[in-house]
1. Please compute the modelled spin-label separation between residue 13 and residue 38, points set 7 Å along Cα→Cβ, answer in nm with one decimal.
2. Can you tell me the order of 53-65, 81-93 when each peptide is scored by its average per-residue count of other Cβ atoms within 10 angstrom, highest first?
3. Quick one: compute the contact order of the stretch 2-93, relative version, from alpha carbon pairs under 8 angstrom and 6+ residues apart, as a percent.
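Throughout, read-outs are computed from the coordinates displayed, never taken from laboratory work. From a predicted model like this one, the values you see are computed outputs, not experimental measurements. Here the Cβ positions follow ideal geometry from the backbone for every residue, glycine too, while neighbour counts run over all protein chains shown.
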């Protein structure tokens, strides 16, 4: 049994509360977990991986045992603790933006003030 923790918006889409438990045939890998997840919750198909290439979406990250697995091969075995169900496989929505936009806005107003002689 594999435990999967989804972000709130995907739990809402899948109409689940809390973590999801899945049975995975064969070796537990990112691919086998995501295949099982999408088979059980077809509404999640395409939200985590591209429909055609099956590559991870850019703003989705996968973690297990405090390790970022996002850039590992989707066929690499997951940690034993995840395969045994003692640790969850985490799906996390990456956060973008923030300080750069603020910095650009404040630097822009500083430039305008300098041109105005202030």
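1. In this crude label model, residue 38 to residue 13 measures out at 1.2 nm.
2. Working: 53-65: 14.5, 81-93: 17.8.
Answer by packing, highest mean first, reads 81-93, 53-65.
3. Reported relative contact order: 37 percent.
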